[in-house]
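Colleague: My questions all concern the structure below.
The values are calculated or read from the model by the stated rules, or taken from the named source; none is laboratory data. All of these numbers come straight from a predicted model, not from anything done at the bench. For neighbour counting, all protein chains shown are included, and Cβ atoms are generated from backbone atoms with ideal geometry for every residue, glycine included.
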Amino acid sequence: METIAAISTAIGNGGIGIIRMSGKETFQILQKMFVNNKKEKINIEDIKGYTIQYGFIINSSTGEVIDEVLVSFFRNPKSYTREDMCEINSHGGMIIEKIILEECLKNGAILAEPGEFTKKAFLNGRIDLSQAESIMDLINSKTDKEAKASINQLEGELSNRIKEIKNDLLDMMADIEASIDYPEYDIEETTNEKAYKKLDLVENKLVDLKNSFNKGRILKEGIKTAIIGRPNAGKSSLLNKILKEERAIVSEIEGTTRDTIEEYININGIPLKIIDTAGIRDTDDQIEKIGVEKAINVLNDAELILAIFDNSKDLEKEDLEILNLIKNKNAIILLNKTDIVENNLENRKELIETNKNIIKISAKEGNGINDLYNEIENLFQIKDMTTGEEIIITNIRHKNQIENAIKSIENAKKSINDNMPIDIISISIIQCLEDLSKITGENVSEDIINEIFSKFCLGK
């Protein structure tokens, strides 16, 4: 493989910048452009892994000092990529990092593709494909619980569970092969009975993994939450109070919000994707009308609806329309402006008949916001979403492969029930093994590998 190089720190100014190199020519390239604190060239043979040297990056053509640096050295196979590798810790800043990277390229490295360092780690057997994907999930984590789930997968929890299930299937295959090789002992019926019981156990393990995706999806994508109400009910004020910033324009003029506003918030480790919508009402304003239509579409797609009503006024036609829209939805009713009038709408029959939880709030003062958070926690059982010993599937690709594996198990069980020959049953078991191998990357196409790593950031 070629020696690759890339800037691994985020674009922009910072305390330090890191330029990474990996490949068999790493130290030879570094020798041309790095000198120690005495301005002397380093001896490649003296370089030890897991060491750091202070020195200077120089222009290899002129000898001019480019930057004062620390260089970390990693000898194969004890590195991130299982190749010779170094990380040049320079002063932060786009210009200096770019100049050092160009020096690496000038002396023989090639620019790394997105995710190529992690791809090398996968191809060289340091990690499997599910662990590689968990690295990207960890980088993109929005909450501590999502990060913990990613760390569990990076440490091989999912890989170990898949390996355990595959071993169960391989034990079955050994029994089946024995039955095929020694038909004179007439053990096929016994083998089928044992296989069916084992298939049941395997299916239960796979179903548990598949079902964990409901939690995993929430951890990764958040709960899609729509704030709806008629104009001036306090939707934008609620959004601003939740975000603790003036994100949405608040005005007494009705129809201020014309489009949706989306932001993420964190409730005890679970992200909520909060969407503020245009006030729902009849209007002749064409732009506002589009906003109202978008609000209704968002409402229909949302997993949670925060339906906000102006507690200082009586219910209006638009309020009744909103109650009808949320009738069969997962919703919480918020009675806003209790700082003006505390008791007004909570006993209204139209609200009570929805059987939704009703919370009194003041979006202006912040009263009742914690009650809202507690209700969301209870509604989605957020406290139960622990990521300790539990394996949680967060990746849709993994879920799809597990579903395929379950279908293969079901086909094998059906073959047994239909008294099919034992070698026919083994076809479905082999297919299940292939389905599971695609999760860890033992049996996956190059196109899928390239697609996965193309989503990584440059330098990772």
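Colleague: If you check residue 99 against the conditions, is it free of Cβ contacts under 8 Å to residues at least 40 places away in the same chain, at negative phi and touching a helix residue (DSSP H, G or I) at 6+ places or on another chain (Cβ under 6 Å)?
Modeller: No; evaluated as a whole, the condition is false for this residue.
Colleague: Can you find even one residue in segment 47-61 that is within 30 Å of residue 160 (Cα to Cα) and touching a residue at least 24 places away in the same chain (Cβ under 8 Å)?
Modeller: If we filter segment 47-61 for residues that are within 30 Å of residue 160 (Cα to Cα), which is where we start, we get 49-50.
Those left that are additionally touching a residue at least 24 places away in the same chain (Cβ under 8 Å): 49-50.
The answer is yes, given that some residue of segment 47-61 is within 30 Å of residue 160 (Cα to Cα) and touching a residue at least 24 places away in the same chain (Cβ under 8 Å).
Colleague: Further, regarding this structure: Of the residues 340, 308, only one is of a type outside the set (Phe, Trp, Tyr), closer than 18 Å to residue 237 by Cα and buried (at least 16 other Cβ atoms within 10 Å of the Cβ); which?
Modeller: Numbers: 340 fails: buried (at least 16 other Cβ atoms within 10 Å of the Cβ).
Selected residue: 308, the only one of 340, 308 that is of a type outside the set (Phe, Trp, Tyr), closer than 18 Å to residue 237 by Cα and buried (at least 16 other Cβ atoms within 10 Å of the Cβ).
Colleague: Here's another thing I want to ask about it. So, residue 241, is that one within 23 Å of residue 380 (Cβ to Cβ), basic (Lys, Arg) and modelled with pLDDT of 75 or more or not?
Modeller: When the stated conditions are applied, residue 241 passes them.
Colleague: Name the residue that is farthest from residue 448 (Cα to Cα), counting only residues in segment 388-408 that are among the hydrophobic types (A, V, I, L, M, F, W, C) and at pLDDT 95 or above. Talk me through it step by step, then tell me what you get.
Modeller: From segment 388-408, those among the hydrophobic types (A, V, I, L, M, F, W, C) are 391-393, 396, 402, 405-406; that's our starting set.
Now narrow it down to the ones that are at pLDDT 95 or above: 402, 405-406.
Values: 402: 17, 405: 18, 406: 21 Å.
Looking at the filtered set, the residue picked out is 406.
Colleague: Something else about it: Can you pull out the residues in segment 349-386 that are in contact with a strand residue (DSSP E or B) (Cβ under 9 Å, 6 or more places away or on another chain) and farther than 18 Å from residue 238 by Cβ?
Modeller: Of everything in segment 349-386, those that are in contact with a strand residue (DSSP E or B) (Cβ under 9 Å, 6 or more places away or on another chain) and farther than 18 Å from residue 238 by Cβ turn out to be 352, 354, 378, 380, 382, 385.
Colleague: List every residue pair whose Cβ atoms sit under 8 Å apart, with the two residues 6 or more apart in sequence or on different chains, where the first one lies in segment 67-78 and is without any contact (Cβ under 8 Å) to a residue 40 or more places away in the chain and farther than 17 Å from residue 45 by Cβ and the second, anywhere, is surrounded by fewer than 16 Cβ atoms within 10 Å (Cβ to Cβ) and small (Gly, Ala, Ser).
Modeller: So the pair list comes out as 78/49.
Colleague: Moving on. Among the residues of segment 360-370, are any at pLDDT 85 or above, within 30 Å of residue 145 (Cβ to Cβ) and of a type in the set (Lys, Arg)?
Modeller: yes
Colleague: Find all pairs meeting these conditions: Cβ atoms under 7 angstrom apart; at least six residues apart or on different chains; first residue within segment 352-378 and among the hydroxyl-bearing types (Ser, Thr, Tyr); second residue assigned to a helix (DSSP H, G or I).
Modeller: Cβ pairs passing all conditions: 354/323.
Colleague: Here is a further query. So for segment 417-431 (the condition being assigned by TED's automatic domain parsing to the domain that holds residue 194, among the aliphatic types (A, V, I, L, M), under 15 Å from residue 165 (Cα atoms) and surrounded by fewer than 18 Cβ atoms within 10 Å (Cβ to Cβ)), does at least one residue qualify?
Modeller: Yes, the conditions are met somewhere in segment 417-431.
Colleague: Please go through segment 6-38 and give me each residue that is aliphatic (A, V, I, L, M) and touching a Lys or Arg at 6+ places or on another chain (Cβ under 7 Å), ordered by number.
Modeller: Correct list: 6, 35.
Colleague: Starting from residues that are among the aromatic types (Phe, Trp, Tyr) and under 15 Å from residue 29 (Cβ atoms), keep the ones in segment 56-92 and report whichever is surrounded by the fewest Cβ atoms within 10 Å (Cβ to Cβ).
Modeller: 73
Colleague: Which number in (1) of a type in the set (A, V, I, L, M, F, W, C); (2) over 26 Å from residue 196 (Cβ atoms); (3) in the same structural domain as residue 165 (by TED's automatic domain parsing) marks the one condition that residue 379 misses?
Modeller: Answer for residue 379: the failing condition is (3).
Colleague: From the set of residues in segment 25-55 that are basic (Lys, Arg) and not in a strand (DSSP E or B), which is surrounded by the fewest Cβ atoms within 10 Å (Cβ to Cβ)?
Modeller: Among residues in segment 25-55 that are basic (Lys, Arg) and not in a strand (DSSP E or B), the one surrounded by the fewest Cβ atoms within 10 Å (Cβ to Cβ) is 38.
Colleague: Moving to a separate point now. Does residue 414 qualify as being assigned to a helix (DSSP H, G or I) and under 17 Å from residue 401 (Cβ atoms)?
Modeller: no
Colleague: In segment 432-448, what residues are of a type outside the set (D, E, K, R), assigned to a helix (DSSP H, G or I) and crowded, with 17+ Cβ neighbours inside 10 Å?
Modeller: 432, 433, 436, 437, 439, 440 - these are the residues of segment 432-448 that are of a type outside the set (D, E, K, R), assigned to a helix (DSSP H, G or I) and crowded, with 17+ Cβ neighbours inside 10 Å.
Colleague: Still on this structure: Return only the number of the condition from (1) surrounded by fewer than 22 Cβ atoms within 10 Å (Cβ to Cβ); (2) modelled with pLDDT under 80; (3) β-branched (Val, Ile, Thr); (4) not assigned by TED's automatic domain parsing to the domain that holds residue 415 that residue 257 does not satisfy.
Modeller: (1)
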